[in-house]
1. Which residues, taken from region 32-45, are surrounded by fewer than 23 Cβ atoms within 10 Å (Cβ to Cβ) and of a type outside the set (A, V, I, L, M)?
2. Can you find a residue that is under 15 Å from LEU251 (Cβ atoms), open to solvent by less than 10 Å² (accessible area, probe 1.4 Å), touching a residue at least 12 places away in the same chain (Cβ under 8 Å) and touching an Asp or Glu at 6+ places or on another chain (Cβ under 9 Å) anywhere in region 77-86?
3. Please verify whether region 86-104 includes one or more residues that are in contact with a His (Cβ under 7 Å, 6 or more places away or on another chain) and at pLDDT 90 or above.
4. For region 144-160, name all the residues that are modelled with pLDDT under 65 and open to solvent by 90 Å² or more (accessible area, probe 1.4 Å).
5. Looking at (1) closer than 18 Å to PHE187 by Cβ; (2) open to solvent by less than 60 Å² (accessible area, probe 1.4 Å); (3) touching a residue at least 12 places away in the same chain (Cβ under 8 Å), find the lone condition where GLY20 falls short.
6. So ALA29 ticks every box in (1) in contact (Cβ under 8 Å) with a residue 24 or more places away in the chain; (2) farther than 21 Å from GLN235 by Cα; (3) surrounded by fewer than 21 Cβ atoms within 10 Å (Cβ to Cβ) but one. Which box is left unticked?
7. I'd like the full set of residues that are assigned to a loop (DSSP other than H, G, I, E, B), open to solvent by 20 Å² or more (accessible area, probe 1.4 Å) and hydrophobic (A, V, I, L, M, F, W, C), limited to region 218-264.
8. Among residues belonging to region 178-207 that are outside any helix (DSSP H, G or I) and either under 25 Å from LEU52 (Cβ atoms) or without any contact (Cβ under 8 Å) to a residue 12 or more places away in the chain (or both), point out the one that is least open to solvent (accessible area, probe 1.4 Å).
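The values are calculated or read from the model by the stated rules, or taken from the named source; none is laboratory data. Here the structure is a predicted model, which means the values were calculated and not measured. Cβ atoms come from the backbone with ideal geometry, glycine included; neighbour counts cover every protein chain shown. Note: areas computed on protein heavy atoms with side chains; ligands, DNA, RNA excluded. Shrake-Rupley method; radii C 1.70, N 1.55, O 1.52, S 1.80 Å.
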Amino acid sequence: MISYFRTPTLALWLCAMIWGVGFVPQKMAMAYIDPLLFNALRSALPVGALGLLICVRRSLSTSKSRLFTPSELRVGAGLGIWLWLALGAQQVGIVHTFVYRASLITGIYIIFVPFVTFLLFSMPIASWQLSVVGLACLGLFLLITNSQGLDIGVGDLWILLGAVFWAIHVGVVARNKNQGRVLQLSFMQMAICAVLSAVSSMLLHESWCMSDIIAAQWFLLYAGLISGCVAFSLQIYGQRAVTPLMAAIILIFEAVFGACLGWW
């Protein structure tokens, strides 16, 4: 029980709360700007904040270490690609579904984490993990059915695809948890995500209207600085001392926070 109160574990709980609350501003921002542009801007904000923090820490340090090591560049770029895919699928999906459904379906990524860790680490899948997967599948079935039958829309399918990418992201973070410093890895993944999201937005001819961006500024600030800069750094820090499956079980509570706030 004491292990649940360690600093890395508390960091993951705080991360889950921040992400859960973040579903509401993500949904509200879609009234003003397109999803991939939103992801590009929300990713660019933590790039600036983390870059400034890295430079300040380096200037105050007596050991003038390298800004980025080769492993930090490599691992950070890989994390950024998976983050781009996960955020992209999630944000496109949230346009077409309700906040509570988006948060709960996103939480289904715990289904995929045992299989991802098996593929990445050759970790055996325990019977109790399969039981959790079964319960999650049952919950998803109840979520997308009503008296008329299945009630699953295109937005729900995008969110479910994003859940697969989130599971992979959690697994990749765990696999490379000792391959770099927290701030450097966070900076790299957000920078790659920002660039790929911006390119995707332009290729799909999304509107880049400055007045719309200004109208969504408060939602972008939360998603960028709090959900992006703070929460993703907490995730990388927390997963250094927590197993992938335990991290997924904690982080899945973002669905609870998001569903409750979305219902309210």
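1. Of everything in region 32-45, those that are surrounded by fewer than 23 Cβ atoms within 10 Å (Cβ to Cβ) and of a type outside the set (A, V, I, L, M) turn out to be TYR32, ASP34.
2. No: region 77-86 contains no residue that is under 15 Å from LEU251 (Cβ atoms), open to solvent by less than 10 Å² (accessible area, probe 1.4 Å), touching a residue at least 12 places away in the same chain (Cβ under 8 Å) and touching an Asp or Glu at 6+ places or on another chain (Cβ under 9 Å).
3. yes
4. SER147, GLN148, LEU150 - these are the residues of region 144-160 that are modelled with pLDDT under 65 and open to solvent by 90 Å² or more (accessible area, probe 1.4 Å).
5. (1) is the only condition that GLY20 fails.
6. (3)
7. Residues satisfying the conditions are ALA241, ILE252, PHE253, TRP264.
8. Per the criteria, the residue is GLY180.
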